[in-house]
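The values are calculated or read from the model by the stated rules, or taken from the named source; none is laboratory data. Just so it is clear, the model here is predicted, and its values are computed rather than measured. Cβ placement follows ideal geometry from the backbone for every residue including glycine, while neighbour counts extend to all protein chains displayed.
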Amino acid sequence: MRPLFQTDIAYFLERFDHFKESEIRSLEILSPTEVKLTLTAQDKARDFNWVTIELLFLEIIEANLINGPKIAYLDLDDGITLIKENTNYLFCIGNYKTVTSAKDSQLYLISNSIKYREGSF
C-alpha cells in the first residue's frame, strides 16, 4: 500500500471524480485503531475503467462507522471528502468543507495516516 500524502489528495480525488456514484464494497475493522475500506470507482487515468480502491486508515482518533449490510445503502451521489488538517486526515461520505461539518456525515474517520492500493474491478 502507498501512503496518501496531503499533496496528493486533490489529484487523487479528481482522478476518481471524488468517488461520486461509486460503491462501498466492504468496511473491515482490523483493530481498534485500523480500518480498511474498499470502494469501486471510475479511474480517469485508465479511460474511466472501473477499479477497486482499498483505503487503510491507521491510528484512528475518532470515527462514526456503519458496518454490515447497512453499508451497501450508503449514498455516494455526492462522493467523498478527504481533508488534511494539522496532523490528521479526515475521510467522510459526502461533500464537506470542514472537519467540524463532516462529523454530520453518516460515515467518517479521523486518522493520523491513510494508505491506498489500486486493484482490478
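Things to note:
- Given (1) without any contact (Cβ under 8 Å) to a residue 40 or more places away in the chain; (2) in a helix (DSSP H, G or I), index of the condition His18 fails: (1)
- Residues (of a type in the set (Lys, Arg), more than 17 Å from Tyr89 (Cα to Cα) and in a strand (DSSP E or B)) located in segment 21-44: Arg25
- Matching residues, segment 108-121, being more than 14 Å from Phe12 (Cβ to Cβ) and either among the β-branched types (Val, Ile, Thr) or modelled with pLDDT under 95 (or both): Ile110, Gly119, Ser120, Phe121
- Some residue of segment 63-78 being in contact with a helix residue (DSSP H, G or I) (Cβ under 9 Å, 6 or more places away or on another chain) and outside any loop (DSSP other than H, G, I, E, B): no
- Looking at Leu27, Leu37, just one residue is buried (at least 17 other Cβ atoms within 10 Å of the Cβ), under 16 Å from Asn112 (Cα atoms) and aliphatic (A, V, I, L, M), and that residue is Leu37.
- Here segment 82-95 is the region considered, the condition is being free of Cβ contacts under 8 Å to residues at least 40 places away in the same chain and in a loop (DSSP other than H, G, I, E, B), and the residue that is nearest to the chain's Cα centre (by Cα) is Gly94.
- Candidates Glu34, Glu85: the one that is at pLDDT 95 or above, charged (D, E, K, R) and within 18 Å of Ile110 (Cα to Cα) is Glu34.
- Listed conditions (1) on the phi < 0 side of the Ramachandran plot; (2) surrounded by 12 or more Cβ atoms within 10 Å (Cβ to Cβ); (3) in contact (Cβ under 8 Å) with a residue 40 or more places away in the chain are all met by Gly79, apart from (1).
- Pairs where the first residue, in segment 100-116, is in contact (Cβ under 8 Å) with a residue 12 or more places away in the chain and closer than 11 Å to Ile80 by Cβ and the second is surrounded by 14 or more Cβ atoms within 10 Å (Cβ to Cβ) and among the polar types (S, T, N, Q), C-beta under 7 Å, 6+ apart: Ala102/Thr81; Leu107/Asn64; Tyr108/Asn64
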